[in-house]
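Just below is one structure, and these are the notes that go with it.
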Amino acid sequence: MVRFILWRLLQAIPVIFVVITATFFLVRSAPGGPFDSEKAVLPEVKRALEAQYKLDLPLHEQYVAYLGDLSSGDLGPSFKYPGRSVNEILSSGLPVTAELGLYALTFALFVGVLAGVFAALKPNTRQDFIPMGMAMIGICMPSFLLGPLLVLVFGIYLDWLPIAGWGDLPGDKILPSITLGSAYAAYIARLSRAGMLEILSQDYIRTARAKGLPEWQVVTQHALRGGLIPVIAFLGPAFAGLLAGSFVVETIFQIPGLGRFYVQAAFNRDYTMILGTTVFLSTLIVFFNLISDVIAAWLNPRLRAQFKGGA
Amino acid sequence: MMRLFQSLVPASVLVVLLTACGSGESNVESGNREGYLHYGNGAEPQGLDPQVVTGVPENHIVRALFEGLAVKNPKTLEPEPGVAERWEISEDGTVYTFYINPKAKWSNGEAMTASDYVWSWNRALHPDTGSLYAYMLYPIINSEAYSKREITDFNEVGVKALDDQTLQVTLNAPTPYFLQLMDHYSSFAVHPETLLKHGKMTDRFTPWTRVGSIVSNGPFTLEEWSLNRRIIIKKSEHYWDRDNVALNGVYFYPTENVVSEERMFRAEQLHYTAVVPLDKIPDYRTRENSPYVQSPYLGTYYYLVNTDRPPVDNVLVRQALSYALDRDKLTRTVLQDTAIAAYSITPPDTLGYNPPKLFSYDPNKARDLLAEAGYPNGEGWPGLEIIYNTQEAHRKIAVAVQQMWKKELNIDITIANQEWKVYLNSVSQREFQVARRGWIGDYVDPNNFLDLFITDGGNNNTGYANDIYDEIILERAPKAKTREARYSLFTEAETMMMNDMPIIPIYTYTSKHLIHPSVEGIYPNLMDSLNLKYVTLHPGRRLDTESK
């Protein structure tokens with residue numbers, strides 16, 4: 001197991017290095033620079049700005065300087081927000097995005113697993129079709145549609161919940177979490193249905209039923225553990241996806257998270273900000289993939305045996 | 001058991017949802033009670049350093065935290081005393097003497113001095129600072145040379161502190177709009193000791209504008225700055241005119257998404273919105289006591305023509321295109337009456353100046369001109385491309401223009417969108433035939449629009465070059481003795497330029513806001529300039545949500 005983790009960590013290093021290098025040169029090859037604006041920038045001003053941000057150096061020197069700063073954890077100053085470092089912006093946005101992602105994931109797990117399990121209990125009946133139909137709609141419905149719909153119903157017509165903000169008014173975290181989580185809930189529902197269907201047809205479940213255990217005990221104590229393995233494998237990439245992909249929800253609900261900065265940085269050619277966020281998020285994705293692999297291996301008796309045999 | 005479980009779960013979800021609700025008081029209600037304005041500010045400001053930032057959201061906050069030597073009257077935009085309690089202008093209009101109000105203080109209680117201005121303007125103009133608005137101070141003698149490193153001694157620049165209270169400024173030439181520039185944030189004073197505590201004078205990155213560090217001199221001080229969430233400012237203890245500041249503070253929200261912003265307004269989470277989504281405007285217009293406020297804005301939307309590329313290198317073609325545009329129809333339909341048809345570059349009534357109207361919608365004339373240019377009924381037309389930066393509103397206009405030109409002139413036009421920085425690059429490299437463009441004035445004066453088209457001007461981009469035009473704008477107009485004489489020179493220049501048609505004007509912008517009925521003291525004006533000092537809140541007034 002330890003060898004497996006170490007090997008995966010080792011593999012991650014070249015991946016992240018390639019991400020850094022590709023992003024560094026790609027953003028600089030995009031037309032337009034960070035200091036272009038609609039009103040012409042005087043040449044002397046542009047020179048001064050480029051000097052302040054070391055953009056007057058040859059490209060390879062900039063690259064080496066960036067790697068040097070990066071190795072000491074310094075992601076550089078933001079171009080768009082003078083006076084703010086990329087580290088500072090990341091650390092202000094990350095807790096918010098992570099909190100939002102966590103709530104969304106909790107919502108997705110709760111609703112998704114319930115729906116999936118119910119559907120699997122009576123396959124090809126109404127109890128299956130209704131939640132699975134809803135899951136299909138959930139997958140298809142983009143958050144830029146679902147968000148405003150929820151706002152309209154719960155925020156404006158019913159006036160139950162605040163429609164924007166994060167931690168400003170009580171209850172303002174509910175709608176964004178549901179909006180972000182619902183697509184994932186739908187995936188989880190389908191995954192857990194498939195997983196449960198497979199497990200419920202196994203011999204040990206028949207044994208449990210034959211012993212006369214009530215159905216809910218069969219499900220919660222015997223079937224769930226095996227049935228949810230596909231869901232666990234999905235959780236790692238899902239959480240990384242929630243962190244990197246919350247841009248739309250953050251914009252709709254005015255949430256001070258990372259997503260808005262990330263997308264804006266690309267439009268602004270905020271080189272250091274694009275790089276910093278990309279490096280950070282790709283590290284996160286690699287890390288969460290690793291964790292979910294480890295958990296899935298640990299949950300799955302067959303894989304666990306393999307590790308024991310190999311180690 | 002299973003059945004019970006099945007019905008319990010959805011019920012418990014609902015309960016969890018509902019217990020979190022019933023927030024009760026809206027931002028508007030609590031704000032009215034406590035004297036705090038909730039303000040939709042459009043975007044997260046880049047920063048709050050007056051000599052570094054550019055942009056509208058920054059402007060609103062910086063002008064609440066700082067104050068210039070002179071401020072604009074919120075109704076007339078004429079200059080009024082700010083930090084300077086009075087000023088004298090020499091007979092020839094080139095020497096300004098500002099007398100600083102002895103009551104003017106920094107937010108740490110220290111008195112403001114004339115030398116604070118000398119230091120701050122040195123920073124604004126210094127070549128290492130890289131201030132994008134350095135040119136706002138170029139009317140001052142030797143300032144441009146200093147900014148371009150042609151001279152290095154700031155003492156040669158025409159700014160002197162005669163004593164603590166007296167600031168003398170010497171200009172190159174009479175500059176009738178100079179006092180207006182004193183209300184632009186690039187000319188604001190910053191507190192030298194505070195900046196030096198955090199770095200060099202010319203540093204752009206230091207955190208001196210953070211809560212707890214920043215020292216400012218305006219009616220409000222910085223209370224909280226949560227990145228991308230909100231900025232809170234509070235009434236200043238030391239502001240010289242504190243007794244006339246009604247608000248206790250303001251919450252600024254970075255409302256990037258205009259649709260969300262409008263919903264926040266409807267749910268009374270905001271008193272004021274930065275903009276209004278176009279599709280919501282007809283509905284708001286029909287309401288009684290409508291919160292919708294629209295007024296002309298000092299900006300022009302136009303198409304830039306590259307006068308070196310065929311077929312638009314031919315002035316007859318440019319004129320034909322312009323005559324064939326039905327601007328009234330365009331503003332009425334595509335823009336829902338939120339814009340004013342424009343026939344020249346300077347917006348109407350720019351401090352009393354009205355641009356000449358040299359043409360109107362005339363499809364017959366347009367066809368004649370096109371035939372004269374060698375393309376009768378569009379025959380032999382080589383094609384033409386309009387580029388615009390990716391945005392739905394620009395696309396709609398480009399499509400309408402494309403249709404009008406096809407219908408009236410029988411010519412084919414292609415339209416192409418480009419991502420913002422790509423588009424900026426195309427325009428500055430002049431890689432286009434026709435490009436969408438907008439210009440928003442920095443100060444209310446025709447000069448701000450007309451000096452765009454001087455030969456090789458940084459914002460010209462059309463290739464237009466006219467010696468006589470340059471001479472009027474750069475030499476003769478600044479020396480005109482009276483406003484009338486100056487304006488008649490501007491009319492002469494603008495007439496000449498519009499006959500050559502290096503641009504195809506389309507419309508004059510308007511500013512559009514939703515303002516809660518409990519707010520007073522926000523006056524519509526050309527600059528969309530709001531002085532928060534004058535804003536008052538009146539609890540108990542409700543927002544009408546019903547249409548008539």
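Mind listing the phi-derived Karplus ³J(HN,Hα) values for the range B:493-510, rounded to whole Hz, using 6.51, -1.76 and 1.60 with θ = phi - 60°, and x for any glycine or proline?
Listing the rounded values in order: 5, 5, 4, 4, 5, 6, 5, 7, 6, x, 10, 10, x, 10, 8, 9, 5, 10 Hz.
Per residue of B:402-414, count partner chain C-beta atoms within 10 Å of its C-beta, then hand back the mean as an integer.
Mean partner shielding for this stretch: 0.
Would you grab the residues whose amide H sits under 5 Å from the one on B:ARG287? Only those 5+ places off in sequence or on another chain, please, with H modelled 1.01 Å from N.
B:LYS548
For the range A:91-158 and the range B:229-267, what is the centre-to-centre distance using only Cα atoms, to the nearest Å?
Answer, in whole Å: 35.
Kirkwood Rh over Cα pairs of the range A:19-134 into Stokes-Einstein at 10 °C, 1.306 mPa s: D in µm²/s?
It comes out at roughly 84 µm²/s.
Gap in Å between the Cα centre of the range B:72-101 and the Cα centre of the range B:136-206?
16 Å
Pop a pseudo-label 7 angstrom from the Cα along the beta-carbon direction at both A:GLN127 and A:PHE110 and give the gap in nm to one decimal.
2.3 nm
Which shape class applies to chain B: rounded if a/c is under 1.5, otherwise prolate when a/b exceeds b/c and oblate if not, where a ≥ b ≥ c are the square roots of the Cα gyration tensor eigenvalues?
oblate
Starting from the Cα gyration tensor of the range B:435-486, take the square roots of the eigenvalues, sort them a ≥ b ≥ c, and report rounded, prolate or oblate (rounded when a/c is under 1.5, otherwise prolate if a/b is larger than b/c, else oblate).
oblate
Any idea what the alpha-carbon Rg over 2.2 N^0.38 Å comes to for the range B:496-548?
1.86
In chain A, which helices (entire DSSP H runs) extend 30 Å or more along their own long axis, judged by Cα positions, while averaging at least -1.0 on the Kyte-Doolittle scale?
Helices passing the filter in chain A: A:2-29, A:86-121, A:174-200, A:271-299.
Given a 1.4 Å probe, how much area per residue of the range A:1-120 is accessible, in Å²?
In whole numbers, the range A:1-120 has 48 Å² accessible per residue.
Let me confirm one metric for peptide B:252-262, namely the mean number of other chain beta-carbon atoms within 10 Å of its residues' beta-carbons.
4
Please give, to one decimal in nm, the separation of the simple spin-label points placed at B:ASP456 and A:ILE295, each 7 Å out from Cα toward the Cβ.
Result: 6.5 nm between the two label points.
Sort the range A:212-311 into rounded, prolate or oblate with this rule: let a ≥ b ≥ c be the square roots of the eigenvalues of the Cα gyration tensor; rounded if a/c is under 1.5, and if a/c is not under 1.5, prolate when a/b is larger than b/c, oblate otherwise.
Note, shape of the range A:212-311 comes out oblate.
How large is the dipole of chain B about the Cα centre if only Lys and Arg carry +1 and Asp and Glu carry -1, each at its Cβ, rounded to the nearest 20 debye?
Approximately 1560 debye in magnitude.
If packing is taken as the mean number of other Cβ atoms within 10 Å per residue, what is the order of B:84-93, B:383-392, highest first?
Those peptides, ordered most packed to least, come out B:383-392, B:84-93.
Before rounding to the nearest 500, sum -39500 (n - 2.57) across all DSSP H runs of length at least 4 in chain B and divide by the residue total; then give [θ] at 222 nm in deg cm²/dmol.
-8000 deg cm²/dmol
Heavy-atom accessible area of A:MET141 with all protein chains present, probe 1.4 Å, nearest 10 Å²?
Roughly 50 Å² of A:MET141 is accessible to a 1.4 Å probe.
Can you give the convex hull volume of the alpha carbon atoms of the protein assembly as shown per residue, in Å³?
Taking the convex hull of the Cα positions in the protein assembly as shown, it is 197 Å³ per residue.
I'd like the interface area for chains A and B: accessible area of each alone minus the complex, both sides summed, 1.4 Å probe, protein heavy atoms only. What is it in Å² to the nearest 100?
Between A and B, the summed buried area is about 5500 Å².
Under 5 Å between amide H atoms, partner at least 5 residues away or on a different chain: which partners does A:SER85 have, H built in plane at 1.01 Å?
Result for A:SER85 returns A:SER78.
How large a share of the accessible area of the protein assembly as shown, in percent, is made up of carbon and sulfur atoms when the probe is 1.4 Å and the other protein chains stay in place?
Carbon plus sulfur share of accessible area: 57 percent.
Quick one: what are the phi-derived ³J(HN,Hα) couplings along the range B:418-429, Karplus 6.51/-1.76/1.60 with θ = phi - 60°, whole Hz, x for glycine and proline?
9, 4, 3, 6, 5, 4, 4, 5, 4, 5, 6, 7
Of A:PHE24, A:MET1, A:PRO34, which is farthest along the charge dipole of the range A:1-88 in the positive direction, counting Lys and Arg as +1 and Asp and Glu as -1 at C-beta?
The residue sitting farthest along the positive end of the dipole is A:MET1.
Starting from the Cα-Cα distance between B:VAL56 and B:GLU484, subtract it from 0.36 nm times their residue separation and give me the gain in nm to one decimal.
Roughly 150.9 nm would be gained on extension.
What accessible surface, in Å², does a 1.4 Å probe find on B:ARG309, ignoring ligands, DNA and RNA and rounding to the nearest 10?
Rounded to the nearest 10, that gives 90 Å².
How high is the relative contact order of chain B, in percent, counting Cα pairs under 8 Å that sit 6 or more residues apart?
18 percent
Using heavy-atom solvent-accessible surface (probe 1.4 Å) with all chains present, what is the largest-first order of B:PHE205, A:PHE287, B:PHE188, A:PHE239?
Sorted descending by solvent-accessible area, the residues read A:PHE287, B:PHE205, A:PHE239, B:PHE188.
Taking each residue of A:22-33 in turn, how many C-beta atoms of other protein chains fall within 10 Å of its C-beta, and what is the average?
Taking the mean over all residues of the peptide, I get 2.
Please list A:LEU26, A:LEU228 in order of solvent-accessible area, largest first, computed with a 1.4 Å probe with all protein chains present.
Largest accessible area first, the residues go A:LEU26, A:LEU228.
The values are calculated or read from the model by the stated rules, or taken from the named source; none is laboratory data. Remember, predicted model here, so these are calculated numbers, not experimental data. Cβ: placed from backbone, ideal geometry, glycine included. Neighbour counts: every protein chain shown. Protein only, heavy atoms only, side chains kept; ligands, DNA and RNA dropped before computing areas. Shrake-Rupley method; radii C 1.70, N 1.55, O 1.52, S 1.80 Å.
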